[in-house]
Amino acid sequence: MKQSFFIDEKRPHDSASKHVSGLAEYTDDINEPYGTLYGAIGWSKEAHALIKKIDLSEVLKSEGVIAVTTSSDIPGRNDVGAVFNGDPIFPIKKVEYYGQPLFAVAATSTELARKAALKAKIIFKVLKPIVTIKEALKKKNFILKGKKIQRGNPTKTILKSKNYLKGNFTTGSQEHFYLEGQVAFVIPKEDKDLLVYSSTQHPSETQQIIAKMLNQKSNSITVLVRRIGGGFGGKETNFLTSSICALLASKTNKPVKLRLDRDDDIIITGKRHDFYSEYEVGFNDAGVIQGLKIKLSSRCGMSPDLSGAINERALLHIDNSYYLSDIQVQNYLCKTNTVSSTAFRGFGGNQGMMVIENIIDNISRYLEKDSADVRKSNFYQKNNRNITHYGMKIEDNVIQEIFNKLIKKSNYKKRYLKIKKFNLDNKYLKKGISITPVKFGISFTTIHLNQAGALIHIYTDSSIHLNHGGIEMGQGTNTKIAQLVANEFGLPFEKIKISSTNTSKVPNTSASAASSTTDLNGAAALDAVSKIKINLEKFIKKKYNLKQIKNAIYKNGLIKFNKKSFKFDSIIKEAYLNRISLSSTGFYSTPKINFNKKTFTGRPFLYFCYGASVTEVTIDTLTGESIIDQVDILQDAGKAINPALELGQIEGGFVQGQGWLTMEEIIWKPNGQITTISPSTYKIPAVSDMPKKFNVEIFKQGKNRENVVNKSKTTGEPPLMLAMSVFFAIKDAIASTSNYKKIPILDAPATSEKILMSLKELKNRVK
């Protein structure tokens, strides 16, 4: 058996000390050459209007202003849409959302640029905006054609079922609220080349978008990213900041930095899709779903952006962990006069999963059963009931093991009964508890994105330079990939140096998204390692006349062939002197992916991640406030590369999901103006909102059955869905006020106001 030296090691994040000391360099920290200019964006104060006139004369006259750019300054493509057109850098005739950029300013300071941008005189002919999902549905205003998946005959099956429910459910939008906002820094070079520093999850697409805008070749644009201060999907396709910054730099031929302040960032950039669903379900007395029909509608905003793929993933995750024999699910992609909704951790999967979890919860309450039992009765099985509604066989199912183990470990059954007694004894404080499962598919559903590249150099002092296409955004992917490389070479971790992601080193990279960054880039790095090892081993065998022996073992700085050992340092020097290549590129493409988007059938995912969480809450029925008393989590991370980093991801993902489902609420006025634009109006979880008891454990029996690096599983997106248990624990507490006889009506996020409204509505029904 191959020995692992740095795998399963709880090693700190490679930039941990820099993060806490302030020495970690982000885009805004880069030393600025003399003469650097600073940008600001002038944006629309109307959500839907024809542009009659833009007068920038006063802007140009303002102190410190060097240049102003509009659509007329763009020599190439005036669009930053990564998949579809529809996202103009600057609109020409019409604005379609409040906050849409109209022009940009370059000045000698950020303050002067922002002050100047406010002096623009813009005349609009205001049009009536479409703001909500229901408005768009009524007017059949869609951004893309929807999809439908059907298996069996759900209409007929529902009619035959003994029990029937229908209803609707809403999950809200969410602001990314990354610590580092949108920022870019562009330095002109000779021959119209540009060096672009950008806080982006997708350097290659940034490179291509800028090249097309300037009507240049991609090889004239180099994008560098050392790290970003959080992305969560919000920096996957948001190319406005870097494009506008590059346009200003190109026009002035001077370095330009463009950093959005927090308010502008929230106003201008995309959010999570909010979803509205309608459903009909037929089920038996055990709560087993027999027939199900769902209509999924989402607010996509003014352009397609990634809405097609996000809504598709919602359809693919409508099952969560449950076998649905007869099902019809279709979606509607609503065009609204709001900023384009975009990628956000979960990428639509979580919105789909919340719909089925709400249905399961309502079934349980209708039957007056413990929702844990109803969930278990609907689970996918090992040898039957194991084909998804889109035709993929589930081969790695461990949800039963995880669910049962967590029920026992969290003492769920006893706490369930204890909470019911508490609620009988307390008039104003009510407790709730819920356990929810997670099954989340891993891979890009756009097949060509499932690829990655890497570059490795070994220098003559045996130090190793590693570059790959992934983006370090706090998740620790650089640390984990360095651990993989160190392990393969049998060298100390400190021998590995990871440099900034660089489009001139590793080209045509995919976005760091879809929870695939380490899977893809780690495998590409190991491919590069294997090529170098082949070179080394051929050289050693030839020089030292080693025949008919097995491949080498790399351990403790040695290369071992049976009983012969060679120092790694010495071999590297010898190899160099004998003109042996010590450098290689690596490449990886995900196998087995085969999904037909026309028929919506096949295998869109390489594997699934599984997990479960139990949450206990207390609500105050007089104020609507909720407190999380205890959370217990069991998450399958496969054979974790670095358990410490995985635990951090699980905890962070859960809290972010908690924010989405309980407190983070985005509000648009009927005129399309967004009003929740700062921490004073938009609440994210604070330390005080953390669970009082927070027990997180990695499933020790976990092992990825697919050929993934170290047989690990990702912890990028799946943990966010664990927070579903918080929402349904709150719903359970509300239900207790009717002695669990009625189904509460509650939409997400379950804010204090919505909890009070739900309590009031339930009280009126009980009367």
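We did not get these values from a lab; they are worked out from the coordinates using the rules stated. Note that this is a predicted model, so its numbers are computed, not measured. So basically every Cβ, Gly included, is an ideal-geometry build from the backbone, and we count neighbours across all protein chains shown.
Restricting attention to region 556-708, close to 75% of DSSP beta bridges with both partner residues there are antiparallel.
Listed here are the pairs LYS94/LYS166; LYS369/LYS711; LYS555/LYS713; which of them are more than 30 Å apart at the Cα? Don't skip to the end; give the middle numbers.
Details: LYS94/LYS166 41 Å; LYS369/LYS711 38 Å; LYS555/LYS713 25 Å.
In this structure, LYS94/LYS166; LYS369/LYS711 lie more than 30 Å apart at Cα.
Quick check: the distance between the Cα centres of region 111-139 and region 437-511, to the nearest angstrom? For region 111-139 versus region 437-511, the Cα centre distance is 42 Å.
Okay, helix-only estimate at 222 nm for the chain: each DSSP H run of n ≥ 4 adds -39500 (n - 2.57), divide by all residues, round to 500 deg cm²/dmol; what do you get? Don't jump to the answer; show the numbers that get you there.
Numbers: 20 runs with 228 residues, N = 767.
Using -39500 (n - 2.57) per qualifying helix, the result is -9000 deg cm²/dmol.
Take every Cα pair under 8 Å in the chain that's 6+ residues apart, average their separations, divide by the length, and report that relative contact order as a whole percent.
Numbers: 1863 pairs, mean separation 117.5, N = 767.
In percent, rounded to a whole number, it is 15.
Within region 582-688, the GluC sites (Glu not before Pro) that combine a DSSP coil assignment with at most 16 other C-beta atoms in a 10 angstrom radius are GLU625. Each of the peptides 11-19, 605-613, 52-60 was scored by the mean count of other Cβ atoms within 10 Å over its residues; in descending order, highest first, they stand as 605-613, 11-19, 52-60. Considering only beta bridges that DSSP places wholly inside the chain, some 80 percent are antiparallel. Among the trypsin sites (Lys or Arg not before Pro) in region 565-599, those placed in a DSSP loop whose Cβ has at most 16 other Cβ atoms within 10 Å are ARG579, LYS592, LYS597, LYS598.
The stretch between SER688 and LYS125 holds 198.0 nm of extra length on full extension. This uses 0.36 nm per residue minus the Cα-Cα distance.
Using C-alpha pairs under 8 Å with a sequence gap of at least 6, the mean separation divided by the residue count of region 74-119 gives a relative contact order of 21 percent.
What number comes out for the charge environment of LYS573, summing +1 per Lys or Arg and -1 per Asp or Glu over other residues with Cβ under 12 Å away?
Working: positive: LYS567; negative: ASP461, ASP569, GLU574.
Overall, the nearby charge balance is -2.
Classify the chain: rounded, prolate or oblate, from the alpha-carbon gyration tensor (a ≥ b ≥ c, eigenvalue square roots; a/c under 1.5 rounded; otherwise prolate if a/b is larger than b/c)? It comes out oblate by the Cα gyration axes. Here's the list of aspartates and glutamates a cross-link from LYS414 could span, going by alpha-carbon distance under 14 Å and ignoring same-chain residues fewer than 8 apart: ASP370, GLU616. The Cα trace of region 397-504 gives Rg and Dmax of 24.1, 74 Å, the first to one decimal, the second as a whole number. With a cut-off of 10 Å between beta carbons, the residues surrounding PHE489 carry a summed charge of +2, where Lys and Arg count +1 and Asp and Glu -1. Placing +1 on each Lys and Arg Cβ and -1 on each Asp and Glu Cβ, with no other charges, gives region 1-128 a dipole about its Cα centre of roughly 720 debye.
Fully extending the segment from LEU546 to GLU111 would add 149.7 nm, taking 0.36 nm per residue of separation and subtracting the current Cα-Cα distance.
Peptide packing: for 689-702, 452-465, the average count of neighbouring Cβ atoms within 10 Å per residue gives the ranking 452-465, 689-702, highest mean first.
Rounded to the nearest 20 debye, the dipole size of region 445-540 about its Cα centre is 140 debye, using +1 on the Cβ of Lys and Arg and -1 on the Cβ of Asp and Glu.
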